[in-house]
Amino acid sequence: MLDWITGKGFRNSLTPRVCAMVALLIGTAAAQQDAGTFFKQNCTSCHTIGGGRLTGPDLKDVGSRRDRAWLVQFLQSPKAMIDSGDLYATKLQQEARGVVMPNIAGMNPQQAQALVDMISTESKLPRSQFAGMQISDRPLTDQDIAKGRLVFLGEQQLSGGGPACISCHTVKGLTLLGGGRLGPDLTRVYERLQGRKGLAAWLSSPASPTMAPVFKDHAIQPEEVLSLVALFEDSAKRGGQDDTTSLLNFFLLGVGGMVLGLISLDALWKTRFRGVRRSMVHKNDRGEG
Amino acid sequence: MNVRSQVSMVFHLDKCIGCHTCSIACKNIWTDRKGTEYMWWNNVETKPGTGFPTRWEDQERYKGGWEKKNGDLQLRSQNKSSALFNIFHNPNQPTLDDYYEPWTYDYQNLFNAPEGADQPTAKPISMVTGEYINVEAGPNWDDDLGGSPVYAQNDPNLESLTPEQREQLFATERLVFFYFPRICNHCLNPSCVAACPSGALYKRGEDGIVLLDQKRCRGWRACVAACPYKKTYFNWSTGKSEKCILCFPRLETGQAPACFHSCVGRIRYLGVLLYDAARIEEVAKLPDDQLIEGQRSLILDPFDPEVIAAARASGVHDSVIESAQKSPVYQFVKVWKLALPPHLEYRTFPMLFYVPPMSPVMASQDGGVIDHVSGDLFHDIEQSRVPVAYLAKLLGAGQENKVRYALRKQKAVRWYRRALTVGDVTMEVASRMLAEADCSAEEAEAIYQLTSLCTFEDRFVIPPMHREEAIQMMEDPLEHKASAGFGFVSAPHRGM
């Protein structure tokens, strides 16, 4: 009896501690394992390892350019580093033509350490898995543009299962009323992201807070990326400005539609009851009764 | 034969003094709640006049009641497809202005107004919006031909008159009006029930009272449009429609409805009629000139053994049959043929009947002598200030002879009583009048008794309602047997 009670008491006091330790171990392991995935999801839209610069610099052998402490600190808050007047950080910003690296959700000292480790490991490989996507250099044809158009409009579903671009974005001249207005206008995105390579990298792994969770598990496939790049290149070449007129058209169409709707409703219920007493009395006041 | 019982009513217009006590009794009991301020389940109109809501009898615009189309009976306000199409916008709704915007007065101002040169006044405040309003109309704006001549001259019933008659009606020396109290008619063929998309309206099986289930009502207001008498009202606060319930809680406890009970002129009679429900549709399709006889033929003789047997077979209780035999309404409507239904041409078969009012004769002045006597004993019915054609439009579905019959009989009874009590008319003349008016001396005596000397018990023959049996039509009385009481708000369960 006594043994049973003690035994129970022992187990009771031990269990939470064991659980906490196990959780901690699993947590750490997961964080380390995740460095590759984390990089893929959060970094590849701007960085490569040995693939040349995109928006941000090529990170191959970054450990030899700055020391580890600097890198870990920069990773946690790039903007604070630039604001503090750090010369190298300011130089990086200039090289990126003013684009500031955003604070990454889920970044912490452990994660930063793991990332730096992972980057140095990858840098030693003859060819890193993060050397950037191998987008074809072949000249883009009208066929690519037409396919990009279908993908953008959602007439051809993305094979990864992601939503069509038009639900949040618009490109001038593509549709009568333009597309969605949640995301930025993509008419000149080809120029903003500096051509085929940058655009393809972004599309392969969109990193903005709105797009990332949507496309995390529904990546856009390379051949679709190529078609979309073709479409954006074409639209930038046409030299259109961002589409502001369609917003006005949309508003005017709404007003016009409402007026037309009210007129047709009035006609539809033309014989409706409109009140008796007031017209009866006023008719008499006017001397027609 | 499908015999049913119906609590029916007679209003004796010749006795109505237009005091509105009935309206106030009803308002104080039923429609003093928020959202019901504008409703008058009972209202008293002055005729000629436009009534409440304004010109409610103008079905060209209000689209109430039934019409015959291709030999079939159809609602004027909607058919199945138009009801569905218009479900979110019913185009035939009366506006609040056609009723009136209910108001009270800013009485506080009488006490709180700052000192000034003039007496403070209590300005009218809308009971709908709470804002000050300029009162333009009320439920009785044309009471006693008041308000303005506009109202009386726009009475839809005047269409039956010649221009000459119309002019005479409003000539100062010949001016005349009478009162027309109205409640829900609890019709045999109610268009409000037919129109309801939610099935919220129903005619109570045991006594024919038309009720509106507040739980099932979805506020589509199809009943408001469909009732030609405009006796269902929309409560803007609860979002449901409401109507006269014939004070059924009072009837079930053996009391007359509030408006009946409080009637100063004792014009109201209430009693059971037995009718043949199987023939309603057939009769409702008759041409206008046969409608009155048609409705009378629906009402069955409660003394006929065949009718009694059929009534028993369809579940009418013996005590109700007995009550039907004593019904004053049966006497007025079927035996004496004095009482007539209002606007039967709407084909809803109202079960509230009116005894048409007598009116003063047209007087002609000839050299200072006012002359209103002629050789014809019934001259003053043709010459009466309210033209028979007008009454026929209102109460006779256009049939002047039905109204004339009722007026002549009333007049004969008066002369008969005059011969008996005053003696300035010989009984010989009175008897001739009775004979011409299709009335025996015994009948005249009975009419006199029920018109002038009637007691509470004579006027209101309220049948025992037998709710305990009637409820079986709707619910199973054994439903809760072997279960706990009235059920639980939250059922008990084991454990803590």
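Checked against the criterion of being at pLDDT below 95, out of contact with any Phe, Trp or Tyr (no Cβ under 7 Å at 6 or more places or on another chain) and at the interface with another protein chain (Cβ under 10 Å from one of its Cβ atoms), region B:37-55 contains one or more residues that satisfy it.
What tally of residues in region B:211-242 results from selecting those that are among the aromatic types (Phe, Trp, Tyr), closer than 27 Å to B:GLU45 by Cα and touching a Pro at 6+ places or on another chain (Cβ under 6 Å)?
Filtering region B:211-242 down to residues among the aromatic types (Phe, Trp, Tyr) leaves B:220, B:229, B:233-234, B:236.
Now narrow it down to the ones that are closer than 27 Å to B:GLU45 by Cα: B:229, B:233-234, B:236.
From what is left, the residues that are touching a Pro at 6+ places or on another chain (Cβ under 6 Å) are none.
The number of residues fulfilling the criteria is 0.
Taking the condition at pLDDT below 95, crowded, with 16+ Cβ neighbours inside 10 Å, assigned to a loop (DSSP other than H, G, I, E, B) and not charged (D, E, K, R), does B:ASN140 pass? It would help to see each step written out before you state the result.
On the way: at pLDDT below 95: yes; crowded, with 16+ Cβ neighbours inside 10 Å: yes; assigned to a loop (DSSP other than H, G, I, E, B): yes; not charged (D, E, K, R): yes.
Considered against the rule, which asks whether it is at pLDDT below 95, crowded, with 16+ Cβ neighbours inside 10 Å, assigned to a loop (DSSP other than H, G, I, E, B) and not charged (D, E, K, R), B:ASN140 comes out as yes.
Among the residues making up region B:93-135, those that are within 14 Å of chain A (Cβ to nearest Cβ), part of a loop (DSSP other than H, G, I, E, B) and not hydrophobic (A, V, I, L, M, F, W, C) are B:GLN93, B:PRO94, B:THR95, B:TYR100, B:GLU101, B:ASN134. Only residues that are in contact with a Phe, Trp or Tyr (Cβ under 9 Å, 6 or more places away or on another chain) and more than 10 Å from every other protein chain (Cβ to nearest Cβ) were counted in region A:244-287, giving 0.
Can you spot a residue in region A:197-211 that is touching an Asp or Glu at 6+ places or on another chain (Cβ under 9 Å) and either basic (Lys, Arg) or modelled with pLDDT of 85 or more (or both)? Checking region A:197-211: at least one residue is touching an Asp or Glu at 6+ places or on another chain (Cβ under 9 Å) and either basic (Lys, Arg) or modelled with pLDDT of 85 or more (or both). For region B:56-73, residues that are more than 14 Å from every other protein chain (Cβ to nearest Cβ) and either at pLDDT 95 or above or surrounded by 14 or more Cβ atoms within 10 Å (Cβ to Cβ) (or both) total 5.
Within region B:136-154, can you find the residues that are more than 11 Å from every other protein chain (Cβ to nearest Cβ) and touching a helix residue (DSSP H, G or I) at 6+ places or on another chain (Cβ under 9 Å)? Across region B:136-154, the qualifying residues are B:PRO139, B:ASN140, B:LEU145, B:ALA152.
For region A:94-124, a tally of residues being among the polar types (S, T, N, Q), closer than 21 Å to A:PRO209 by Cα and free of Cβ contacts under 8 Å to residues at least 60 places away in the same chain returns 2. Before we move on, is B:ASP458 in a loop (DSSP other than H, G, I, E, B) and charged (D, E, K, R)? When the stated conditions are applied, B:ASP458 does not pass them. Residues that are assigned to a loop (DSSP other than H, G, I, E, B), more than 20 Å from B:THR348 (Cβ to Cβ) and not small (Gly, Ala, Ser) are absent from region B:284-298.
Against the definition (closer than 17 Å to B:GLY51 by Cα, assigned to a helix (DSSP H, G or I) and not β-branched (Val, Ile, Thr)), how does B:ALA152 come out, yes or no? The answer is yes for B:ALA152. Answer with yes or no whether B:ASN134 is within 22 Å of B:PRO53 (Cα to Cα), at pLDDT 85 or above and surrounded by fewer than 17 Cβ atoms within 10 Å (Cβ to Cβ). For B:ASN134, the condition - within 22 Å of B:PRO53 (Cα to Cα), at pLDDT 85 or above and surrounded by fewer than 17 Cβ atoms within 10 Å (Cβ to Cβ) - is met. Scanning region B:378-409 for residues that are in contact (Cβ under 8 Å) with a residue 24 or more places away in the chain, within 19 Å of B:GLU345 (Cβ to Cβ) and assigned to a helix (DSSP H, G or I) gives B:ALA389, B:TYR390, B:LEU391, B:ALA392, B:LYS393, B:LEU394, B:LEU395, B:LYS402, B:VAL403, B:TYR405, B:ALA406.
So which residues in region A:129-142 are polar (S, T, N, Q) and either at pLDDT 80 or above or over 17 Å from A:LYS40 (Cα atoms) (or both)? Once the filter is applied, which keeps residues that are polar (S, T, N, Q) and either at pLDDT 80 or above or over 17 Å from A:LYS40 (Cα atoms) (or both), region A:129-142 yields A:SER136, A:THR141. Residues B:CYS196, B:CYS184: which one is at pLDDT 90 or above, more than 14 Å from chain A (Cβ to nearest Cβ), in contact with a Lys or Arg (Cβ under 7 Å, 6 or more places away or on another chain) and crowded, with 18+ Cβ neighbours inside 10 Å? Within the list B:CYS196, B:CYS184, the selection yields B:CYS184.
Here region B:411-457 is the region considered, the condition is being surrounded by fewer than 17 Cβ atoms within 10 Å (Cβ to Cβ), of a type in the set (A, V, I, L, M) and more than 30 Å from the chain's Cα centre (by Cα), and the residue that is nearest to B:ALA256 (Cα to Cα) is B:ALA441.
All told, B:LEU175 falls short of being surrounded by 18 or more Cβ atoms within 10 Å (Cβ to Cβ) and more than 14 Å from chain A (Cβ to nearest Cβ). For B:GLY49, the conditions (1) among the small types (Gly, Ala, Ser); (2) exposed (fewer than 15 other Cβ atoms within 10 Å of the Cβ); (3) assigned to a loop (DSSP other than H, G, I, E, B) are fulfilled apart from (2).
The values are calculated or read from the model by the stated rules, or taken from the named source; none is laboratory data. Here the structure is a predicted model, which is why all the values come from computation and not from measurement. Glycine also receives a Cβ, built like all others from the backbone with ideal geometry; neighbour counts cover every protein chain displayed.
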